[in-house]
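Peer 1: Okay, handing you the structure first.
What follows draws every value from the coordinates through simple rules; no lab data is involved. Remember, it's a predicted structure, so these values are computed and weren't measured experimentally. When we count neighbours, we look across all protein chains shown, and the Cβ atoms used for this are built from the backbone with ideal geometry, even at glycine.
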Amino acid sequence: MVRENRTVIGVKGLAKQFGSVTAVAGLNFDVQAGELFGFLGPNGAGKTTTVRMLTGVLEPSNGTATIEDHDIRTEPLLSRAHLGVVPEQANVYPDLSVWRNLMLMAELYGVPRTQRCREGQRLLETLGLADRKRHKARTLSKGLRQRLVLCAALVTGPEILFLDEPTGGLDVASARLIRQIIRQLNAEGLTVFLTTHNMDEAEEMCSRVAIINRGRLVAIDAPGRLRSAMRSSQYLEVAFAGDEVDTSELERLPDAMRVSREGKSVRLYGEQPGRLAMQVARLAETKRLEIVHLCTRKPTLEDVFLYFTGDRARELER
Amino acid sequence: MTAHTELARTWRRQAHGALVIVKKNAMLYYLKPPVLIFGVLFPVFFFLAFKMGRPIPAENIVPGMVAMALWFTASAVGPLVTPWERRAKTYERLISTPVSLQAILIGDVVSGLIFGGCLSVVPIGLGLALTNASIVSPAALIGGILLGALSFAALGVLLAAPPVSSPANIMLLSNLVRLPLLFVSGIFLPIARMPDWAQWVAPISPLSYAGDLIRSGFGQQAYFPLWLSPAMLVVFTAGLTWGAFRFHRRWRAKGL
């Protein structure tokens, strides 16, 4: 990943109101050049509305944003010239061939003929569509069509790529190929703004993530930092041989903050799972219990997401 | 770079964008069944229904036939493009390109102009070949066809603005507007011979002026002064295009 300290997307108080409904309530964040930035949130959180404002489809009700220093409200065409977009429910023109679809998009961006032909051919080969070049887009499977949408976004030579749920509903091979291409492009310096529901995808790919809930930004940081910020969500998982163990003994351990049963295993939450493991081992020795499974777990990005969009969100509302 | 140069560059880019839209529309929509049905078959059947069994010299109805064909063809493309793009989920991608909404809509208007203008050659050719009709004023005929096609295409694009789930709803809406105007625009009966109320309504239809110019082109008596028809068609084109800009902008993100 080639990261520069240069803001390519600067969001300042961006808001969108639909009648009495606030879809996005004053977002503020920056994306740096070369970042692979994840934008996460539950359904209806305002992710797609935000992307639509940034890509010029919707006009903000309040606030603004800059794309490569061009204000999306006062210089919408200049700001859009830097973007490649893969919208959530995007499609290509089904009655045009794969090649014509690519050329049409490149022409709309004013890409010179030689460049668009060369780049188009290269992208078709990279994304495994070269043998379908003359086929009508309507004959492609969903996975191949999504690859074509990605090709059409890239053939314009964007500096920033917006992807709204790019692998949603795709077969494993297409999803993996698209993720691999995105990572490769990002490694070559392309800034990527990725909206996704897939926590594994975000955790695996993104250098930084923002979590949005009910139109508000609730967390923004590197996935690793967000996870370690949630020290209370670290836990120790233990399973004993024989009958089920009385959890009240485990609850009394000095470092156990919370205990929950997950099938035959017991989870003990605490800020220091290592110390907790020693306490459990001592308890097992005293009570002559045989430990069959013992491991410490750090919170996943999914735990972080659920924390900020569930428990924590309710806490904040209260 | 001076502001003047930058402005000229922006205009050039937008003009290029509009031309790409014209090319896209020609590849995708000119041969769509609704365009062919409402743009080509409709006027043919109207003509046959009007002509059959009536003792009218065939050359007298050629201008009306040309104007009616132009009315249906030029206004058939616009109502199809945006609803079709919305349904096919290609519209969001299109409006997030660096081509402005205005340039996209101008591209749609020009698509209707070219479609209507080119297809008007057919009724003119048939009229000249099969009847005693002759072109007396080519300038009036060409002016009527070009300005008429432009204003009809702008009307078609305006009618495509409401966000609907099915393109058929927009075709219905467009026929709801186009059919009544057809009957008050002096196509089947010269405006001077229409009832009083219809003579009052005729000036609000662009088809009345285009039909009048085309009639002059074929050497028939015009109802409006010759200078008024082109002027009114320009006014209609400007007003309808302005309306299209306004309503498409208002509804562009609805129903995506």
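Peer 1: When DSSP assigns beta bridges and you keep just the ones with both residues in chain A, what percent turn out antiparallel, to the nearest 5?
Peer 2: 70
Peer 1: Right, something else. How would you rank B:131, B:241, going from fewest to most other Cβ atoms within 10 Å of each one's own Cβ?
Peer 2: Ascending number of Cβ neighbours within 10 Å: B:131, B:241.
Peer 1: Just to check, using Stokes-Einstein with a Kirkwood Rh over alpha carbon pairs, what's the diffusion coefficient of the range A:7-228 at 4 °C and 1.567 mPa s in µm²/s?
Peer 2: After rounding, the answer is 73 µm²/s.
Peer 1: With +1 on each Lys and Arg Cβ and -1 on each Asp and Glu Cβ, how big is the dipole of the range A:231-298 about its Cα centre, in debye rounded to the nearest 20?
Peer 2: 260
Peer 1: Based on other C-beta atoms within 10 Å, arrange A:269, B:209 from fewest to most.
Peer 2: A:269, B:209
Peer 1: Would you work out the charge dipole size for the protein assembly as shown about its Cα centre, treating the Cβ of every Lys and Arg as +1 and the Cβ of every Asp and Glu as -1, and quote it to the nearest 20 debye?
Peer 2: Roughly 1060 debye, rounded to the nearest 20.
Peer 1: Any of A:142/B:24; B:24/B:254; A:47/A:264; A:16/B:89 with alpha carbons more than 32 Å apart? Name them for me.
Peer 2: A:47/A:264
Peer 1: Taking the Cα-to-Cβ direction at residue B:131 and at residue A:230 and moving 7 Å from each Cα, how far apart do the two end points lie in nm?
Peer 2: Each label point is offset 7 Å from its Cα along the Cβ direction, giving 7.8 nm.
Peer 1: Something else about it: Around residue A:139, under 10 Å between beta carbons, what's the net of Lys plus Arg minus Asp minus Glu among the other residues?
Peer 2: +4
Peer 1: Gap in Å between the Cα centre of the range B:109-130 and the Cα centre of the range A:180-227?
Peer 2: 55
Peer 1: For the range A:231-298, calculate the relative contact order in percent as a whole number, restricting contacts to Cα pairs under 8 Å that are 6 or more residues apart.
Peer 2: Result for the range A:231-298 is 47 percent.
Peer 1: Calculate the dipole size of the range A:1-158 relative to its Cα centre from +1 charges on Lys and Arg beta carbons and -1 charges on Asp and Glu beta carbons; express the result in debye to the nearest 20.
Peer 2: 740
Peer 1: Any idea which of A:286, A:270, A:241 is furthest toward the positive side of the dipole for the range A:231-298, if Lys and Arg beta-carbons carry +1 and Asp and Glu beta-carbons -1?
Peer 2: Of the options given, the answer is A:270.
Peer 1: Tell me what chain B gives for mean residue ellipticity at 222 nm when only DSSP H runs of n ≥ 4 count, each as -39,500 (n - 2.57), the sum divided by the residue total, rounded to 500 deg cm²/dmol.
Peer 2: Mean residue ellipticity at 222 nm (helix-derived): -22500 deg cm²/dmol.
Peer 1: Give the aspartates and glutamates reachable from residue A:12 as a straight Cα distance under 18 Å; neighbours fewer than 8 places away on the same chain don't count.
Peer 2: Here the aspartates and glutamates satisfying the reach criterion relative to residue A:12 are A:30, A:59, A:68, A:69, A:71, A:75, A:221.
Peer 1: Moving on to the next point. Restricting to bridges with both residues inside the protein assembly as shown, how much of the DSSP beta-bridge set is antiparallel, in percent to the nearest 5?
Peer 2: In the protein assembly as shown, DSSP labels about 70 percent of beta bridges as antiparallel.
Peer 1: Related question: By how many degrees, between 0 and 90 and to the nearest 10, does the Cα long axis of helix B:167-183 differ from the longest principal axis of chain B?
Peer 2: Around 30 degrees separate the two axes.
Peer 1: Let me ask you something else. What does the charge count around residue B:105 come to, taking other residues whose C-beta lies under 15 Å from its C-beta (Lys +1, Arg +1, Asp -1, Glu -1)?
Peer 2: Its environment carries a net charge of +4.
Peer 1: Hey, could you grab the Kirkwood Rh for the protein assembly as shown? Inverse mean 1/r over distinct alpha carbon pairs, Å, one decimal.
Peer 2: Here the Kirkwood hydrodynamic radius works out to 27.6 Å.
Peer 1: OK, next. In which sequence would B:52, A:103 go, from the one with the fewest C-beta neighbours within 10 Å to the one with the most?
Peer 2: Ranked by crowding around the Cβ, least crowded first: B:52, A:103.
Peer 1: Could I ask something else about it? Please sort by residue number the trypsin sites (Lys or Arg not before Pro) in the range A:108-142 whose DSSP state is loop and whose Cβ has at most 15 other Cβ atoms within 10 Å.
Peer 2: Counting only loop positions with at most 15 other Cβ atoms within 10 Å, the trypsin sites (Lys or Arg not before Pro) in the range A:108-142 are A:133, A:134.
Peer 1: In the range B:12-251, if the dipole is taken from +1 on Lys/Arg beta carbons and -1 on Asp/Glu beta carbons about the Cα centre, which of B:45, B:195, B:28 is farthest to the positive end?
Peer 2: With unit charges placed on the Cβ atoms, the residue in question is B:28.
Peer 1: With unit charges on the beta carbon (Lys/Arg positive, Asp/Glu negative), name the residue among B:244, B:221, B:153 whose Cα is farthest towards the positive pole of the charge dipole of the range B:104-256.
Peer 2: Checking the options against the dipole of the range B:104-256, the answer is B:244.
Peer 1: Less than 10 Å Cβ to Cβ from residue B:156, Lys/Arg counted +1 and Asp/Glu -1: what total charge do the surrounding residues give?
Peer 2: Local net charge: 0.
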